[in-house]
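Q: Pasting in a structure now, in structure tokens, and then I'll have a few things to ask.
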Amino acid sequence: MRSLIQRSVVVGLVLISCVLLVMPNFMSQSLVIVFKEYKRAPDGKKIPADPAEIRDFIRDRENGLGLYFPGADCKPQAEKLIPAERRCVLEDKYITAARINEMAQAHPDLIEEFHTRVLPNGIERALSFLSEGDAKHLKIRMGLDLQGGMRATFRADFEKHLASLKERYLPLIKDVETKLANPTISAEERTNLTNRLESHKQQLIISEERKLELLQEAKKIIDARLASQNLTEPELRVQPGSYSIGVDLPGMANSSEVLAKIRDTVTVEYRIVNDEASARVSGFDAEIAEIQKMYTEQRVDNEEIKSIIARVTQKAGIKPDEGKVFLSWRRGLKPGSPSLPRGFVVLGPLQLDGSDMASANANHSQNSSYYEISFVLTADGATKFGDLTTKNKGKRMAIVWGDRVVSSPNINEPILGGVGQITGDFNQQDAQDIADVIREGALPLNLEILSVSFVGPSLGQESIFAGIVSLILSFVLVIIFMVGYYRLSGMVAVTALLLNLLIMTAVLSFLEFTLTLPGFAGAILTVGMAVDANVIIYEKMKEDVREGKTAALAIADGFDSSLWTIVDSHVTTIISAVILGLVGDGPIKGFAIVLFFGLITSMFTSLYVSHLIFDWAQHFFRIEKLSIGWGMHPKGEQK
């Protein structure tokens, strides 16, 4: 009896947890819509938003908000720095990213995409300890073939890439040519310098093959970065004809989110600080305050920031040969202060980049309360880094992450051996983000945004309907067979099957899984595999009953004897699912994930839950005759 209670407690806890994880998929959701404060005219001027236009959009049932969310009432609601006239919240069920995307794309000058989002419900907030954010999202998303999503196309800017290469290699070429002009150098040294010169010049030649190689490298890096963002179904394609990369992200709520994820693959650069020129840009406190306000209020306007930097460059008289003006980021003096732009700094030409790095890790600093990044350079990078630190001893070297100067340590002595540290006022997340970018690789070339568009369901609502009908039909047919053939024992199998689907859905919800049509196929296959386990058990029980064993003994032997047969059959299929998940891509990986977790939960429900139900039935009803199929005599003899 004690064992029964303990096993029942385990099953009860699993079921309660699964119900909590599945519920957010069916609860009402709150959608926050934020409207823009201004839009830009073709000439770049700001045009303040018209409150009347916002009110008309909210009230319009034919072409405004009602077109995308019929019957929903969006109530004005202020939040922090966003007034009520620019923000409203509506309640609705089954709010999909497709509808949000469609609305944002149709009104790009009205809706602030970055802040328009679905709020987490109470369960998701309560489980925030399972996530790094303020909530643990527990909703299964639909793939591009079911609900649409965002499609972004990035075109390689080889002109800008070549300009970057020239900035990096022309000074090296000039330095080598100067050394070659010296008639006193030895023949061996002249040969080495000539080879180095030829190698530098080759770097400035971008052939067609090299262009395709760079595109493939960029695709690989973006794919790795998206995978680390917990996206299960991203699809990337290299389009050689247009030198572009297409990125499909199903279930993304807005184009800003897509671009933010792609831009996480920013480059890491290493430049020498021009201290003399930097001193001339140190007094622009009003401009820094203006930029800080944008980030604090989360209304960053990149065009405005570029304009401010250009204005500072002009006022300070920074010439091109002195370097470029960058924003220097750091945390405030108070504990817990956010990292914000705190000043301007002038940096010289590019010296090293992410391609010179082999690996990196974030570690807690032994000399302060902050974190640091330990890195290992490639063989070529170690040589260049050693030369750089030797020539610039006593100067500062800036580490530029994207367009942010995140650290500018002093070069106290030459750093040889290919190992070093990046220090600064980094918290753990900052350090981990930079280490991830270095480890995964920097983009090998500049990519410009060619287009960002909303993608409607490629297979339409018929595909969703067909997938659901297939799943329901397979389930109904299984029920008819199991109950019709195995009678009351078949009902136990059906109960276990229902619990299997519940647990599998809960796991996928916890993983924020993106469901596609192949995912439906994996779920249907799971239903068959789950029933197959019960069939094996029941046939063994029928054999024992025919041999004259009691119901209790037949139940115990049926589960014990079938254990390894079921485990073997499931494990072999699980191995196949793991291989598909590792080598597959896109929908194939989705199919493998559903199948993998479906098989795991199938073993739990068929071997553990079904056994528990039979044991409770035996405990309460003292079963003498098993209702487990036609043609069985009450005493175990055939009619």
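The values are calculated or read from the model by the stated rules, or taken from the named source; none is laboratory data. What you see is a predicted model; the values in this text were computed from it and never measured. Methodologically, a virtual Cβ is constructed for each residue, glycine included, from the backbone with ideal geometry; neighbour enumeration extends over all protein chains shown.
Q: I need a count of the residues in the stretch 300-347 that are closer than 21 Å to I434 by Cβ and among the acidic types (D, E).
A: Result for the stretch 300-347: 0.
Q: When only residues in the stretch 55-71 that are part of a loop (DSSP other than H, G, I, E, B) and surrounded by 17 or more Cβ atoms within 10 Å (Cβ to Cβ) count, which is nearest to the chain's Cα centre (by Cα)?
A: Filtering first and then ranking leaves F69.
Q: Now a separate question. So which residues in the stretch 375-416 are more than 14 Å from D356 (Cβ to Cβ) and small (G, A, S), if there are any at all?
A: Within the stretch 375-416, G394, A398, G402, S407, S408 meet the criteria.
Q: Sort through L599, L553 and tell me the only one that's under 26 Å from Y485 (Cα atoms), in contact with a His (Cβ under 8 Å, 6 or more places away or on another chain), part of a helix (DSSP H, G or I) and among the aliphatic types (A, V, I, L, M).
A: Only one candidate qualifies: L599.
Q: Only residues that are modelled with pLDDT under 85, in contact with a Lys or Arg (Cβ under 9 Å, 6 or more places away or on another chain) and not aliphatic (A, V, I, L, M): list them for the stretch 73-107, please.
A: Listed by number, the list holds a single entry, T96.
Q: Being out of contact with any strand residue (DSSP E or B) (no Cβ under 8 Å at 6 or more places or on another chain), among the aromatic types (F, W, Y), within 22 Å of S8 (Cα to Cα) and free of Cβ contacts under 8 Å to residues at least 60 places away in the same chain is the requirement here; does F596 meet it?
A: No, not satisfied.
Q: Picking from V406, V400, which residue would you name as being farther than 18 Å from R168 by Cβ, touching a Lys or Arg at 6+ places or on another chain (Cβ under 9 Å), at pLDDT 80 or above and buried (at least 18 other Cβ atoms within 10 Å of the Cβ)?
A: V406
Q: Which fully enclosed helices (runs of 4 or more DSSP H) of the stretch 147-258 have 2 or more residues being modelled with pLDDT of 80 or more and more than 29 Å from G348 (Cβ to Cβ)?
A: 187-203, 208-228
Q: Would you mind listing the strands (runs of 3 or more DSSP E) fully within the stretch 285-394 where at least 2 residues are among the polar types (S, T, N, Q)?
A: Per the criteria, 339-353, 357-364.
Q: For the stretch 112-136, which residues satisfy the criterion of being in a loop (DSSP other than H, G, I, E, B) and under 26 Å from T296 (Cβ atoms)?
A: Across the stretch 112-136, the qualifying residues are E112, T116, P120, S131, E132, G133, D134, A135.
Q: Using beta carbons and a limit of 7 Å, which pairs, at least six apart or on different chains, have the first residue in the stretch 137-158 and within 20 Å of L450 (Cα to Cα) and the second one in a helix (DSSP H, G or I) and among the polar types (S, T, N, Q)?
A: Here the result reads G148/N101; M150/N101; M150/S255; R155/S242, each pair linking the stretch 137-158 to a residue that is in a helix (DSSP H, G or I) and among the polar types (S, T, N, Q).
Q: Going residue by residue through the stretch 465-481, is there one that turns out to be surrounded by 22 or more Cβ atoms within 10 Å (Cβ to Cβ) and either closer than 15 Å to F604 by Cβ or polar (S, T, N, Q) (or both)?
A: No - not one qualifying residue is present in the stretch 465-481.
Q: While we're here: In the stretch 432-464, which residues are surrounded by fewer than 18 Cβ atoms within 10 Å (Cβ to Cβ), at pLDDT 75 or above and assigned to a helix (DSSP H, G or I)?
A: Q432
Q: Tell me, yes or no, whether the stretch 59-68 has at least one residue that is in contact with a strand residue (DSSP E or B) (Cβ under 9 Å, 6 or more places away or on another chain) and modelled with pLDDT of 90 or more.
A: Initially, the stretch 59-68 is screened for residues in contact with a strand residue (DSSP E or B) (Cβ under 9 Å, 6 or more places away or on another chain), giving 65.
Of the ones still in play, those that are also modelled with pLDDT of 90 or more are 65.
Looking for residues that are in contact with a strand residue (DSSP E or B) (Cβ under 9 Å, 6 or more places away or on another chain) and modelled with pLDDT of 90 or more, one finds at least one in the stretch 59-68, hence yes.
Q: I would also like to ask the following. When you check S369 against the structure, is it polar (S, T, N, Q), closer than 25 Å to L327 by Cα and surrounded by fewer than 16 Cβ atoms within 10 Å (Cβ to Cβ), yes or no?
A: Spelling it out, S369 is indeed polar (S, T, N, Q), closer than 25 Å to L327 by Cα and surrounded by fewer than 16 Cβ atoms within 10 Å (Cβ to Cβ).
Q: Please determine, by comparing only the residues of the stretch 183-207 that are out of contact with any helix residue (DSSP H, G or I) (no Cβ under 9 Å at 6 or more places or on another chain) and farther than 23 Å from F158 by Cβ, which one is surrounded by the most Cβ atoms within 10 Å (Cβ to Cβ).
A: Among them, the one singled out is N192.
Q: Let me ask another. Quick one: V14 ticks every box in (1) without any contact (Cβ under 8 Å) to a residue 24 or more places away in the chain; (2) over 21 Å from A104 (Cα atoms); (3) part of a helix (DSSP H, G or I) except a single one, so which number is it?
A: Among (1) without any contact (Cβ under 8 Å) to a residue 24 or more places away in the chain; (2) over 21 Å from A104 (Cα atoms); (3) part of a helix (DSSP H, G or I), the lone unmet condition for V14 is (1).
Q: Just the residues that are among the hydroxyl-bearing types (S, T, Y) and touching a Pro at 6+ places or on another chain (Cβ under 9 Å), please, taken from the stretch 488-536.
A: Quick first cut of the stretch 488-536, residues among the hydroxyl-bearing types (S, T, Y) only: 489, 495, 505, 509, 514, 516, 526.
S509, T514, T516 - these are the residues of the stretch 488-536 that are among the hydroxyl-bearing types (S, T, Y) and touching a Pro at 6+ places or on another chain (Cβ under 9 Å).
Q: Given (1) within 26 Å of R196 (Cβ to Cβ); (2) in contact with a strand residue (DSSP E or B) (Cβ under 8 Å, 6 or more places away or on another chain), identify the lone condition not met by V406.
A: (1)
Q: Just checking, which of Q421, Q429 is surrounded by fewer than 21 Cβ atoms within 10 Å (Cβ to Cβ) and in a helix (DSSP H, G or I)?
A: Q429
Q: Could you please find all residues in the stretch 76-111 being assigned to a strand (DSSP E or B) and either of a type in the set (D, E) or touching a helix residue (DSSP H, G or I) at 6+ places or on another chain (Cβ under 9 Å) (or both)?
A: Initial filter on the stretch 76-111 (assigned to a strand (DSSP E or B)): 76, 79, 82, 87-92, 111.
Answer for the stretch 76-111, where residues must be assigned to a strand (DSSP E or B) and either of a type in the set (D, E) or touching a helix residue (DSSP H, G or I) at 6+ places or on another chain (Cβ under 9 Å) (or both): P76, E79, I82, R87, C88, L90, E91, D92, I111.
Q: Counting just the residues of the stretch 329-352 that are within 31 Å of the chain's Cα centre (by Cα) and modelled with pLDDT of 90 or more, which one comes out farthest from K160 (Cα to Cα)?
A: Only one residue tops the list, namely R342.
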